[in-house]
Every structure is written in structure tokens, then in C-alpha cells.
Amino acid sequence: MAALETGMETVRRSWLVRSLRWVASHRSIALGGLLIGLIVLAAIFAPMIAPADPYEQDLLATMLPPSWGHPFGTDDSGRDILSRVLYGARISLIEVVLAVGLAVILGVPLGILSGMSGHYLDQAIMWIMDILFAFPGIVLAILIVSVLGPGLVNLLIAIAIFSVPVYARLSRNLTLGLKSQEYVEAAISLGISRRRIMTHYILRNAIGPIIVQSTLTAGTVILSAASLSFLGLGAQPPLPEWGAMMSDGRNYLGLNIWMSLFPGLAIMITVLGFNILGDGLRDLLDPRK
């Protein structure tokens, strides 16, 4: 029995040592994962962490500086800024999941279909992507939101649309490289359906770069959503969206910098976390390494 416990302890120590070595050799993934993990935990446990209701107004306690009762101070309506930043993490993560997910669902199949088809269909799909690429992303998003109307849902649709060409071009380039591989040519010669080749032979081997691009796009989504909300085209009051909070605070920078500072820091930490994580995953999934 003692020998068994000793063996289990040795296994646990060995696992811990291997884990620490892996973290030491992939510092970017560890740091990026830590930052994103903190944001995710803040979003999940916001009701338990937040010192107050993010929508509760106290007109007798407006524009207060940071204190024990209000660690991040209060805004012009007397709402606790820390509570609104914590609940704003939920909105930002939802924006990332929905916008990036929609862009991947639309862009990846188009890119794979374009790379596998060639000729006229390939040209038609890429021409559409080139037209979308001709507009700066934020300008295209402003145009779409102006047509659809301001709101969080329309904001996510706009961001997803200008992100589609990124995934379409990436998946097309990956498909062009993969379809010349011997195992794909063998599958084609055996008469395997094109749909099965696209899903089982192309998509499975292209998933690594797509995941890396998704983490990098996540930072762009956060910045774009915050920018549009800052302009009043995204999340509408009283939603605690970080960009909208910064927009509310810009009129009071001379009186209360905290209204814009803390939401801005939250945006910076989140974008930094996604970018560092993306860089680490890119190095980890690089087949040349």
C-alpha cells in the first residue's frame, strides 16, 4: 500500500514537472491564457464579485473617485464603475464568440469551396471578398450598422461581415496547398465525394491556422465593437459595454478620468491577452517547428 501511494505521488510530481516545463516553454500561451482566463472568470462570477447592481443609480453619489466602497469610482449617474466593467466583460465575450463564430461559419466554407472548385466559382467568390476588402473594416461596419440601425445584434452582424474575407482567403490558400498533397489526390482518384474530401481531408488539416486566426481576430472584434459603441452605433444605454462607457466618460475627462480609464484598461487587457495567446498558438501549431 505504501509503495502504491509512493508511486502515485511520483506520478503526480512527474505530471507537475512536465506541466511546469510546458508552461516555461510556451510562455506566450500561458500569459495569454492567464489574461483571458481572468476576463472569463470575471464575466462568470460578476454577480458575486460586483459590489453593486451595474444598473442601479444613486444621484447623490455621482462622479466619486475610487474608494473602498467604490474601487473604480462612480459615473455621472452614480452607478458603480467596477460593477459595470465586470458585467461588460460578459458583453465583450459574447461579441467575440458570436462575431468570430459567424465569420468562421461563413468564411471557411466559402474559402474551401473556392479553393476546391477553381475557375469561375473561385473567381466569383474571390471577387466578392475583394470588394469587401476594398473597404476599411471599421468603415464597412459603420456603413452596415447605419443601414441596419444601431444595436448590439446589428453590430455583431457588421463585424462578422467584414471579418468573413479574412477567413475565406485563409481557408482558400490552405486548401490550394492541401489539395496537392498525395493523400488528397489519392482520395480524389478513389472517387471519394468532394464533400467528404473538403470536411475530412481539407478542413481537419486546416483547423490549426483557423484557430490561430480566430484568437487574433478576437482582439479586432473587441476593438471594433468598442469603437462603434463609442460612436453610439453599437450597444445602447444602459448596457455596460466598455466602448459605450468610455463614450459616456469623454465629456467628463477634466472632472472624472475614471469613467473612461477603467473600461479602456479592460479593453487593453482583453485585446492584449487574445493577441499574446494567438502568437503562442501560432508558434505551437507551426508544422515547421
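Scanning the range 188-228 for residues that are polar (S, T, N, Q) and in contact with a Pro (Cβ under 9 Å, 6 or more places away or on another chain) yields a count of 0.
In the range 46-59, the qualifying residues are those that are under 24 Å from the mean Cα position of the chain (by Cα) and assigned to a helix (DSSP H, G or I), and the one that is surrounded by the fewest Cβ atoms within 10 Å (Cβ to Cβ) is 47. Looking for something on the phi > 0 side of the Ramachandran plot, more than 20 Å from the chain's Cα centre (by Cα) and open to solvent by less than 60 Å² (accessible area, probe 1.4 Å) - is there at least one such residue anywhere in the range 123-139? No - not one qualifying residue is present in the range 123-139.
When you check residue 226 against the structure, is it under 18 Å from residue 111 (Cβ atoms) and within 23 Å of the chain's Cα centre (by Cα), yes or no? Criteria not met by residue 226.
If you take the residues in the range 248-276 that are out of contact with any strand residue (DSSP E or B) (no Cβ under 9 Å at 6 or more places or on another chain) and of a type in the set (S, T, N, Q), which one is modelled with the lowest pLDDT? So, considering only residues that are out of contact with any strand residue (DSSP E or B) (no Cβ under 9 Å at 6 or more places or on another chain) and of a type in the set (S, T, N, Q), the one modelled with the lowest pLDDT is 251.
Reported count of residues in the range 60-91, each being in a loop (DSSP other than H, G, I, E, B), in contact with a Gly (Cβ under 9 Å, 6 or more places away or on another chain) and either polar (S, T, N, Q) or open to solvent by 20 Å² or more (accessible area, probe 1.4 Å) (or both), is 8. Of all the listed residues (165, 240, 150), the sole one being part of a loop (DSSP other than H, G, I, E, B), out of contact with any strand residue (DSSP E or B) (no Cβ under 6 Å at 6 or more places or on another chain) and either among the aromatic types (Phe, Trp, Tyr) or at pLDDT 90 or above (or both) is 240. Please enumerate the residues belonging to the range 22-71 that are closer than 30 Å to residue 276 by Cβ and touching a Pro at 6+ places or on another chain (Cβ under 6 Å). Once the filter is applied, which keeps residues that are closer than 30 Å to residue 276 by Cβ and touching a Pro at 6+ places or on another chain (Cβ under 6 Å), the range 22-71 yields only 54.
Residues in the range 152-161 that are without any contact (Cβ under 8 Å) to a residue 60 or more places away in the chain and in contact with a Gly (Cβ under 9 Å, 6 or more places away or on another chain): 154 only. Return the residues of the range 232-244 that are under 14 Å from residue 264 (Cβ atoms) and open to solvent by 10 Å² or more (accessible area, probe 1.4 Å); say none if nothing qualifies. Matches in the range 232-244: 244 only. Considered as a group, the residues in the range 175-209 that are surrounded by 18 or more Cβ atoms within 10 Å (Cβ to Cβ) and under 22 Å from the mean Cα position of the chain (by Cα) include one that is farthest from residue 270 (Cα to Cα), and that residue is 203.
The values are calculated or read from the model by the stated rules, or taken from the named source; none is laboratory data. In this text the structure is predicted, and so the values were computed from the model without any measurement. A quick note on method: Cβ atoms are made from the backbone with ideal geometry, for glycine too, and the neighbour counts reach across all protein chains shown. Side chains are part of the model used for accessible areas, which takes the heavy atoms of the whole protein and leaves out ligands, DNA and RNA. Shrake-Rupley method; radii C 1.70, N 1.55, O 1.52, S 1.80 Å.
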